[in-house]
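I have placed the structure first, in the form of structure tokens, so that the comments after it can refer back to it.
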Amino acid sequence: MIVLGIESSCDETGIALFDSEKGLLAHILHSQVELHAEYGGVVPELASRDHIRYLVPLLEQILQQANIEKSMIDGIAYTAGPGLIGALMSGASVGRSLAWALGIPAVEVHHMEGHLLAPMLEENPPAFPFVALLVSGGHTLLAYVKGIGQYELLGQSLDDAAGEAFDKTAKLLGLGYPGGPALAAMAENGEQGVYKFPRPMVDRPGLDFSFSGLKTFALNTMQSEAKKSSLEGELSMQTKADISLAFEEAVVDTLKIKCRRALEQQHCSRLVIAGGVGANKRLRAALGEMVEQLAGNLYYPRIEFCTDNGAMIAQAGCLRLVAGERQPLEIDARARWSMQELSAI
Ligand code: KG4
Ligand code: ZN
């Protein structure tokens with residue numbers, strides 16, 4: 001079965017073709033980073049308009065790239081939520097109507113399920129059950145994954161998502177958008193031990209997270225350094241790098257402590273990292289080391305499949321279509337959608 005996948009939940013238009021037998025056939029990504037950069041964050045209306053502009057040309061491009069006729073597509077999968085409603089509606093409208101026009105089934109994909117199953121796009125995919133750390137711009141959660149659609153929530157962020165904390169702290173430091181990669185790059189020049197940031201909620205039992213305090217801690221550190229600064233209240237590049245490093249280490253360390261706790265609690269040796277923050281090299285290294293100590297295995301998708309992409313949506317949709325899931329004709333995008341509502345297949 002050949003499935004066309006469409007991702008348009010935020011600031012990336014992703015299109016992919018996934019074959020149930022052969023795996024991923026092709027994928028294309030159009031990033032809106034430049035469009036939103038001057039505003040320092042995603043402008044929802046601009047995001048929707050850009051998806052509309054690119055969806056059909058990208059669709060034509062991928063068919064050409066994979067040398068596939070429209071008539072060879074057996075099903076269409078599109079992200080139906082959670083995300084920006086206008087952005088979701090653009091992909092959902094194109095996806096649902098194209099499926100109708102071609103007389104083939106369509107299926108709605110939960111964006112986070114797409115992320116969570118993304119490591120299965122790689123060789124050596126994880127076997128069920130596994131513990132998954134989902135860290136993106138909108139969500140931070142730990143789940144025990146027993147199978148597709150069987151997601152037991154172990155813990156989640158009570159305030160900012162990890163990616164959101166990266167983005168907001170990067171903005172405070174004047175590092176631009178998207179903040180995560182910019183802050184990580186800045187941290188490379190940081191000196192270890194100059195600042196010590198707290199590890200929120202690690203001394204309490206449980207697997208919930210809280211990251212908004214780290215952003216405030218960064219702000220307070222910046223303000224007190226600015227007072228001491230000889231650069232008319234400006235922070236030096238070195239100070240920014242040192243703060244970036246201390247912040248990144250605090251987030252990574254906190255995630256590592258909670259992941260270890262989750263693996264031990266579930267008596268599980270397989271850990272999956274998914275979502276945009278999963279692209280963070282320090283996080284991958286720290287979790288790799290921790291899992292090795294537990295004689296377990298760590299799984300993550302290649303960097304381009306950590307952040308939003310069409311391949312993960314085509315794959316998740318293909319699994320659901322093969323299992324017989326079908327979407328009625330109405331277009332039903334949702335800004336909010338709990339993963340617990342998903343059906344097991
Ligand atoms: O999964 P994603 O592409 O979109 C959402 O579904 O939210 O995640 C985007 C988030 C952003 O907050 C971005 O700053 C963060 O992932 N991110 C990173 C890195 N690359 C992307 N955070 C830290 N380090 C990175 N290398
Ligand atoms: Zn995402």
Scanning segment 117-141 for residues that are within 16 Å of ligand 1 (Cβ to nearest atom) and hydrophobic (A, V, I, L, M, F, W, C), the one nearest to Asp308 (Cα to Cα) turns out to be Ala118
For segment 54-85 the number of residues that are more than 20 Å from Leu329 (Cβ to Cβ) and within 16 Å of ligand 1 (Cβ to nearest atom) is 3
Apart from one, (1) surrounded by 21 or more Cβ atoms within 10 Å (Cβ to Cβ); (2) out of contact with any Lys or Arg (no Cβ under 9 Å at 6 or more places or on another chain) all hold for Phe209; the odd one out is (2)
Of the residues in segment 283-328 that are within 15 Å of ligand 2 (Cβ to nearest atom) and of a type in the set (S, T, N, Q), the one that is nearest to Lys258 (Cα to Cα) is Thr307
When every residue in segment 184-202 that is over 28 Å from Ala262 (Cα atoms) and assigned to a helix (DSSP H, G or I) is compared, the one nearest to the chain's Cα centre (by Cα) is Ala185
Note: among Gly149, Gly95, Gly176, just one is over 28 Å from Tyr299 (Cα atoms) and out of contact with any helix residue (DSSP H, G or I) (no Cβ under 6 Å at 6 or more places or on another chain), namely Gly95
Residue pairs within 7 Å by beta carbon, gap of at least six or interchain, first lying in segment 310-333 and surrounded by 24 or more Cβ atoms within 10 Å (Cβ to Cβ), second assigned to a loop (DSSP other than H, G, I, E, B) and of a type in the set (Gly, Ala, Ser), listed first then second, are Cys318/Ser20
Every listed condition ((1) surrounded by fewer than 24 Cβ atoms within 10 Å (Cβ to Cβ); (2) away from ligand 2 (no atom under 16 Å from the Cβ)) holds for His139 save (2)
If we keep only residues of segment 24-33 that are surrounded by 15 or more Cβ atoms within 10 Å (Cβ to Cβ) and in contact (Cβ under 8 Å) with a residue 60 or more places away in the chain, then the residue farthest from the chain's Cα centre (by Cα) is Leu24
Those residues of segment 34-51 which are loosely packed, with under 13 Cβ neighbours inside 10 Å and in a helix (DSSP H, G or I) amount to Glu34, Ala37, Glu45
For segment 52-92 the number of residues that are among the polar types (S, T, N, Q), touching a helix residue (DSSP H, G or I) at 6+ places or on another chain (Cβ under 9 Å), part of a helix (DSSP H, G or I) and under 17 Å from Leu17 (Cα atoms) is 1
Wholly inside segment 230-329, helices (runs of 4 or more DSSP H) that include 1 or more residues that are out of contact with any Gly (no Cβ under 6 Å at 6 or more places or on another chain) and under 30 Å from Arg96 (Cα atoms) are 310-322
*asked:* within 15 Å of ligand 2 (Cβ to nearest atom) and modelled with pLDDT of 95 or more: is that true of Arg270 in this structure?
replied: no
Scanning segment 146-171 residue by residue, those buried (at least 23 other Cβ atoms within 10 Å of the Cβ) and either in a helix (DSSP H, G or I) or β-branched (Val, Ile, Thr) (or both) turn out to be Ala162, Gly163, Ala165, Phe166, Asp167, Thr169, Ala170
Based on this model, can you work out whether Gly114 counts as within 18 Å of Ala16 (Cβ to Cβ), part of a loop (DSSP other than H, G, I, E, B) and within 11 Å of ligand 1 (Cβ to nearest atom)?
no
Apart from one, (1) farther than 27 Å from Ser136 by Cβ; (2) surrounded by 20 or more Cβ atoms within 10 Å (Cβ to Cβ) all hold for Ser71; the odd one out is (2)
The correct count of residues that are touching a Leu at 6+ places or on another chain (Cβ under 9 Å), among the hydroxyl-bearing types (Ser, Thr, Tyr) and closer than 25 Å to Arg336 by Cβ in segment 1-37 is 3
Do the conditions hold for His115, that is, is it without any contact (Cβ under 8 Å) to a residue 40 or more places away in the chain and within 16 Å of ligand 2 (Cβ to nearest atom)? no
All-but-one check, Ala80 against (1) outside the structural domain of Ser8 (by TED's automatic domain parsing); (2) crowded, with 21+ Cβ neighbours inside 10 Å; (3) closer than 17 Å to Cys10 by Cβ, failing number (1)
Expected output for segment 215-228 (first residue within 18 Å of Phe166 (Cβ to Cβ) and not assigned by TED's automatic domain parsing to the domain that holds Leu175, partner assigned to a helix (DSSP H, G or I) and small (Gly, Ala, Ser), Cβ below 9 Å, 6+ apart or cross-chain) is none
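The values are calculated or read from the model by the stated rules, or taken from the named source; none is laboratory data. The model shown is predicted, which means the values in this text are computed figures rather than measured ones. No Cβ is skipped: glycine too gets one built from the backbone with ideal geometry, and neighbour counts run over all protein chains shown.
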